[in-house]
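So the structure is just underneath, and the comments pick up after that.
Since every read-out is calculated from the coordinates, none of them should be taken as a lab result. Note that the structure is predicted; figures quoted are calculated from it, not measured. No Cβ is skipped: glycine too gets one built from the backbone with ideal geometry, and neighbour counts run over all protein chains shown.
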Amino acid sequence: MDIAEARALHDKTPVIDLHADTAKLMDRLGYDIAARHRPPVLRRLSYAGHVDLPRLQDGGVSAQVFGMWTVPYPQTGCAASVHRQLDALRRAAAENPGQLRRALTARDIRESHDEGRLAALSGIEGAQALEGDLDNIAAFARRGVRFIGLLHFTKNQLGSPAMGVRGKGGGLTDFGRDAVCEMNRAGVIVDLAHIDRDGFMDAVAISSDPVMVTHTGASGAHRHWRNVDDDQLRAVARKGGCAGVIFAPRFLGGEGIEAVCDHIVHILEVAGEDTPALGSDFDGFVRPARGLEDVSKLPALTAALGARGVPPRILEKIVGENALRVIGDVPPRLAEAGG
Ligand SMILES: [Zn+2]
């Protein structure tokens, strides 16, 4: 499969990236998502500026999940920061109605794909944004938040982050357990990127809905504290969930696009064809893999997977249908139009 064939496959099936941090840039730096940006000439400086509407179009991406992240030092003001990022995304949709729409459901995404507009979905990275109040889950859900990542880089009220120290975290707190149940009630997808292994397994056991790991590597392909192991992947698969593979060499163990393929193929092998998905972490202040310098390059990844013998039917699942299935299986139960 060459790049043109891969790009044609993207026209046929909705392509979904499960994690980019662009909303923070829009909120804090006035980053204009409608304008075409050039990636930095020096690759070592390429920590952000990977995503905008023209390059999403080039890459044939139909839906982008925007992760709203917060700086938890101290853990106050995090909810307000998420609301500001949601506002920034809403403004961008209002200013660019022909290119961008806010989306909640699998059906919204399929419609956006047919219309040639980007479906923008909202997620939260790090449940310190709940500020210890379960009612904030419903409040965020009503504003259209579809994903909440329980942890980010620091310990919060729900549990402990993955940091490579085994047996130290102790799993979810009581508040963390209650939060998972409340997310199920609200129809917010439980995102298990960044959480320690005990908390991960607790959340899978508690959740009544499928779960996601929106951006991760597989430690079976490259051992790293940030990555999830084969048992974790199989647990996600048994739950009907999916795992988006991150594009960051620091977690993949290789600099190029083939490293991304290694992790996707590993997930295919250990957890089955219904599990792998895409979770770039573009604009997340991690340098992307060579050959995937920005979102416009995404067809190169599809082509590289095709060259490894992954058939088009499974490529469609990896680039979008698996994520779409989980989004469809966890419908928003509180979200109101216009949030
Ligand atoms: Zn992250």
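Observations, loosely collected:
- For Gly149, the residues whose amide H sits under 5 Å from its own are Ile124, Glu125, Gly126, Asp191, ignoring neighbours fewer than 5 places away on the same chain, with H placed 1.01 Å from N.
- Kirkwood analysis of the chain, using all unique Cα-Cα pairs, places the hydrodynamic radius at 19.3 Å.
- Residues of the stretch 198-216 with amide N under 16 Å of a point placed 7 Å along Cα→Cβ from Arg250: 215-216
- GNM result for the chain, Cα springs below 10 Å: residue of Thr214, Thr22, Thr13 fluctuating most strongly: Thr13
- Cβ-to-Cβ counts within 10 Å put Thr173, Thr70, Thr302 in ascending order as Thr173, Thr70, Thr302, the fewest first.
- Residue exposure sequence - Trp69, Trp225 - by fewest surrounding Cβ within 10 Å: Trp225, Trp69
- The loop-placed trypsin sites (Lys or Arg not before Pro) in the stretch 149-254, going by DSSP, that have at most 10 neighbouring Cβ atoms within 10 Å of their Cβ come out as Arg166, Lys168.
- The mean sequence separation of alpha-carbon pairs under 8 Å and at least six residues apart, normalised by the residue count of the chain, gives a relative contact order of 22 percent.
- Net charge of the neighbourhood of Ala307, taken over other residues with C-beta under 11 Å away and scored Lys/Arg +1, Asp/Glu -1, is -2.
- Within the chain, helix-based [θ] at 222 nm, where runs of 4 or more DSSP H residues each add -39,500 (n - 2.57), nearest 500: -11500 deg cm²/dmol
- Extension gain, Ala8 back to Ser46 (0.36 nm per residue minus Cα-Cα distance, nm): 10.9 nm
- Only Lys, Arg (+1) and Asp, Glu (-1) charged, at Cβ; the chain dipole about Cα centre in debye: 420 debye
- Distance between the 7 Å Cα→Cβ label points at Phe153 and Glu95: 2.8 nm.
- Pairwise FRET efficiency - Met163 versus Ala205, Cβ, R0 = 30 Å, nearest 0.05: 0.90
- Antiparallel bridge percentage (DSSP; both residues within the stretch 3-329; nearest 5): 5 percent
- For the stretch 138-206 and the stretch 298-319, distance of Cα centres in Å: 31 Å
- Sum of side-chain charges, Ser207 neighbourhood, beta-carbon under 12 Å (Lys, Arg +1; Asp, Glu -1): -1
- Förster radius 22 Å - calculated FRET efficiency between Gln57 and Arg28, Cβ distance, rounded to 0.05: 0.35
- Rounded to whole numbers, the Karplus 3J(HN,Hα) couplings from phi for the stretch 19-27 are 7, 9, 9, 4, 4, 5, 5, 5, 6 Hz, using 6.51 cos²θ - 1.76 cosθ + 1.60 with θ = phi - 60°, and x at Gly and Pro.
- For trypsin sites (Lys or Arg not before Pro), no site in the stretch 65-106 is both called loop by DSSP and has at most 11 other Cβ atoms within 10 Å.
- Gaussian network model of the chain, Cα within-10 Å springs - most flexible of Ile267, Ile314, Ile206: Ile206
- Environment charge of Gly244, counting only residues whose C-beta is closer than 10 Å and scoring Lys/Arg +1, Asp/Glu -1: -3
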